[in-house]
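> Structure in structure tokens, see below.
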Amino acid sequence: MRSELQKIRAMPTPRWCAIAVFATMLLGLAATWRWGLGPSRDAYDFSIGLPATIAAVVFGVWMFGVEYGQGTMRRVLTADPRRSRLFLSKLAVGVPLVALATVLIYLIALPLYGLAADGHGQSIELATYQDALLAALVANVAYLLVGAAFALITASMAGGVTFALVFLFILSVFLAFVPEVDQYSFNLALADIDRAIRGDAGGFGTAEAENPVGTAAAIAAGWLLLLLGAGWLRLKRSDVK
Amino acid sequence: MSGTTLAVFDGVSKSFGRNVALRGLSFEVAEGAVCGLLGPNGSGKTTAIRILLGLGRADAGSAGLLGVPVGGTGFASAVRQTGSLIEGPALYERATARQNMKIQAAARDIRRPAAEIDSLLELVDLRGRADSKAGGFSMGMKQRLGLAMALLGSPRLVILDEPTNGLDPSGIVEIRKLIARLPESGVSVLVSSHLLSEVELMCDRVTIINRGEMVADGTIAEVLSTATGEDSFIVGVPSEESDRATRALTGLGLTVSPRGDGALNVSGPVTDGSQISCVLAGEGIYVSRLQSDSPDLERVFLDLTGDDDEV
């Protein structure tokens with residue numbers, strides 16, 4: 001785990017992910033200061049929530065993809081050949097780190113958005129904001145795991161990013177609109193969890209596709225297990241170039 | 001050599017689809033030795049090394065590292081006592097040389113590595129560039145950094161795959177000297193290379209593989225002794241004395257034939273050039289050039305692998 005932390009400190013991608021989220025937060029603050037929070041907290045959902053989700057995917061892919069992209073997997077495995085341990089140690093560093101980063105950015109943003117919205121006579125309800133943070137925590141960790149899984153499945157940085165984005169923003173959305181199987185969409189499951197946490201309607205997909213939170217959590221976990229399992233098998237069984 | 005075997009291949013076979021990379025490869029690396037692994041491109045050297053380090057799986061046969069079967073209990077510990085440089089240095093290009101070393105030290109569970117990192121960077125002449133990004137290094141500098149990373153944690157065995165790739169002549173000499181010195185500090189070496197003269201200079205033993213099979217194995221002298229042909233010399237004499245010199249040397253039972261460059265090829269039961277020079281001087285013929293043309297590793301390699309194009 002120490003070496004994973006060293007990589008995060010030494011390499012630019014994690015920094016760029018953090019900088020990108022911070023920059024979009026500043027854009028959101030500027031928009032809030034000019035126009036207010038928006039009808040349904042759009043300002044922080046779009047300036048923190050969505051960018052943080054994409055950053056989580058990129059970081060998830062990077063955790064494993066960097067070793068393939070830089071050709072360093074052979075060096076990593078000739079330092080310690082235990083592949084399952086490598087798999088677990090990367091996740092053991094990545095998951096808490098993304099959770100911590102999500103909490104931090106929401107904590108930093110709260111007073112700033114409050115100040116920016118104040119000029120429009122708006123305020124942020126703490127309970128609503130907490131729900132948004134909790135929903136973001138779930139989504140970001142899930143998206144990180146999807147990114148990590150596709151980096152392993154494709155054994156590639158570029159392939160990992162491409163397939164993770166295709167899965168999340170095309171296949172999963174497409175599945176949400178297919179009758180009879182729509183309730184098994186990964187994105188729809190995450191939307192159901194989000195809805196359960198935040199207690200509002202919204203979401204997407206077919207109208208009848210709403211699952212109870214327990215079922216939605218099971219579907220999301222099933223997808224994650226399937227993808228991570230496939231990635232782990234690829235890492236465990238394939239020859240390393 | 002202490003006689004302990006650090007690496008062993010026992011009938012290892014490996015195929016990639018229809019392409020057979022290794023066919024029942026068997027050889028050993030003894031402790032305290034610098035062993036050379038030679039073979040033409042595509043002969044299976046790197047595949048063998050990958051299998052030894054657990055990066056690839058053998059289809060048949062077995063390999064062992066530091067007395068532990070590859071993938072068996074204790075293999076992780078054996079790998080941690082083995083440094084390696086396989087097909088290029090494999091660096092994090094956006095990290096500095098020192099950061100690369102720190103990452104490797106952490107991966108190998110080395111505590112407080114700062115002093116060792118400094119001394120290894122000094123050893124490979126990169127101390128002054130320790131805080132420069134590896135991506136900006138020349139191929140030679142990257143290779144030296146890779147070598148320093150392979151030496152982290154005082155390994156018992158260092159496995160180097162083409163370590164002089166990309167190095168200039170002075171870099172090659174430095175790396176060769178460095179590798180040759182490693183056994184003094186208790187490090188054994190398995191080095192694969194296609195630079196036969198380098199291997200001849202730095203290795204105690206050599207294993208030659210061709211098309212995935214071992215074709216020769218032993219000390220350099222043992223492998224050289226398998227070469228066909230007798231000891232021979234190139235002898236330069238004044239052109240007007242060429243016939244007389246030929247008669248004098250033929251009289252000793254040597255075989256003499258003219259070379260295209262005016263010198264003579266002399267072969268036969270003679271092991272020391274001074275015998276030739278002495279005979280010719282006795283005839284009043286003074287030698288302008290006397291050069292051994294005995295079999296070297298390159299000739300043996302070409303004989304055994306039957307491929308003139310690969311060297």
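All of the numbers you see were taken from the coordinates with simple rules; none came from a lab. In this text the structure is predicted, and so the values were computed from the model without any measurement. Ideal geometry is used to build each Cβ from the backbone, glycine not excepted, and the neighbour counts take in all protein chains shown.
> Taking the C-alpha atoms of the range B:103-219, how large are the radius of gyration and the largest Cα-Cα span, Dmax, in Å?
Reported Rg and Dmax, both Å: 15.2, 45.
> When you have a sec, figure out the Kirkwood radius of chain B from all distinct Cα pair distances and drop it here in Å to one decimal?
With all distinct Cα pairs of chain B included, I get 21.7 Å.
> Averaged over A:2-14, how many beta carbons belonging to a partner chain fall within 10 Å of each residue's beta carbon?
5
> If I take every Cα pair under 8 Å that is 6 or more residues apart in chain B, average their sequence separation and divide by the length, what percent do I get for the relative contact order? Walk me through the intermediate numbers first.
Working: 604 pairs, mean separation 61.2, N = 311.
The normalised contact order for chain B reaches 20 percent.
> Could you order the peptides B:278-288, B:124-134 from most to least packed, using the average number of other C-beta atoms within 10 Å per residue?
Values: B:278-288: 14.3, B:124-134: 16.3.
Highest mean packing first, the order is B:124-134, B:278-288.
> Quick query: amide H of B:SER232 versus all other amide H atoms, modeled in the peptide plane; which residues come in under 5 Å with a sequence gap of 5 or more or a different chain?
B:ASP293, B:SER294
> How do A:TRP62, A:TRP33, A:TRP232 line up, fewest other C-beta atoms within 10 Å first?
Fewest to most other Cβ atoms nearby, the residues stand as A:TRP33, A:TRP232, A:TRP62.
> Shifting gears a bit: For the protein assembly as shown, with only Lys/Arg (+1) and Asp/Glu (-1) charged at the beta-carbon, what is the dipole magnitude about the Cα centre, in debye rounded to 20?
In debye, rounded to 20, the protein assembly as shown gives about 1720.
> Please list the non-local residues whose amide H lies under 5 Å from the amide H of B:GLY54, H modeled 1.01 Å from N, same-chain partners needing a gap of 5 or more.
When sequence neighbours closer than 5 places are left aside, there are no close amide H contacts.
> Per residue of B:93-106, how many C-beta atoms from partner chains lie within 10 Å of its own C-beta, taken as a mean?
Details: counts 5, 6, 7, 1, 0, 1, 5, 5, 0, 6, 13, 7, 4, 8.
Whole-number average of other-chain Cβ neighbours for B:93-106 is 5.
> Same structure, new question: Taking 0.36 nm per residue of sequence separation and subtracting the Cα-Cα distance, how much length would be gained by fully extending the chain between B:MET139 and B:ASN41, in nm to one decimal?
Taking B:MET139 through B:ASN41 to full extension adds about 33.3 nm, to one decimal.
> Also, quick follow-up: Can you give the alpha-carbon Rg of chain A over 2.2 N^0.38 Å, where N counts its residues?
Cα-based Rg divided by the globular estimate yields 1.06.
> Same structure, new question: Efficiency by 1/(1 + (r/R0)^6): what FRET value for B:GLU184 and B:ARG18, r their Cβ-Cβ distance, R0 = 51 Å, to the nearest 0.05?
0.65
> Using only the alpha-carbon atoms of the range B:232-292 as identical scatterers, what base-10 log of I(q)/I(0) does the Debye formula give at q = 0.14 Å⁻¹?
Those come out to -0.29, one per q.
> For the pair B:GLU28/B:SER170, report the inter-label distance in nm, with labels modelled 7 Å from Cα in the Cβ direction.
4.3 nm
> Would you calculate, for chain B, the mean residue ellipticity at 222 nm contributed by helices, counting each DSSP H stretch of 4 or more residues as -39,500 (n - 2.57) and dividing by all residues, to the nearest 500?
Taking each H run of at least 4 residues, the total per residue is -9000 deg cm²/dmol.
> Evaluate the relative contact order of chain A (contact order divided by residue number), counting alpha-carbon pairs under 8 angstrom at least 6 apart; express in whole percent.
Averaging sequence separation for qualifying contacts and normalising by length gives 22 percent for chain A.
> Given labels modelled 7 Å from the Cα in the Cβ direction, how far is it in nm from A:SER123 to B:SER154?
Spacing of the two 7 Å Cα→Cβ label points: 6.6 nm.
> Okay, moving on. Provide a whole-number value for the mean count of partner chain Cβ atoms within 10 Å of the Cβ atoms in peptide A:63-69.
Mean number of neighbouring Cβ atoms from other chains: 1.
> Which value, in debye to the nearest 20, gives the size of the charge dipole of chain B about its Cα centre, when Lys and Arg are +1 and Asp and Glu are -1 at the Cβ? Show your work: numbers first, answer last.
On the way: 29 positive and 39 negative charges, 359 e Å.
Once rounded to the nearest 20, the dipole reads 1720 debye.
> Would you work out which of A:PRO51, A:TYR106, A:TYR68 lies farthest towards the positive end of the dipole of the range A:50-168? Charges go on Cβ: Lys and Arg +1, Asp and Glu -1.
Looking along the dipole axis, the top candidate is A:TYR68.
> Shifting gears a bit: Can you sort B:MET202, B:MET101 from fewest to most other Cβ atoms within 10 Å of each residue's own Cβ?
Lowest to highest Cβ neighbour count: B:MET202, B:MET101.
> Ok, one more. For B:SER192, what residues show an amide H to amide H distance below 5 Å, using hydrogens built from the backbone and excluding near sequence neighbours?
Amide H to amide H, under 5 Å and 5 or more residues apart or across chains, B:SER192 pairs with B:LEU37, B:LEU160, B:ASP161, B:GLU162.
> Let me ask something else about it. Where does each of B:253-260, B:160-167, A:127-134, B:9-16 land if you order them by average Cβ count within 10 Å, highest first?
B:160-167, B:9-16, A:127-134, B:253-260
> Let me have the relative contact order for the range B:232-292, percent, based on Cα pairs under 8 Å that are six or more residues apart.
48 percent
> Moving on. Under a cut-off of 19 Å between alpha-carbon atoms, report the lysines in cross-link reach of A:LYS241, not counting same-chain residues fewer than 8 places apart.
Those lysines meeting the cut-off are B:LYS14, B:LYS45, B:LYS142.
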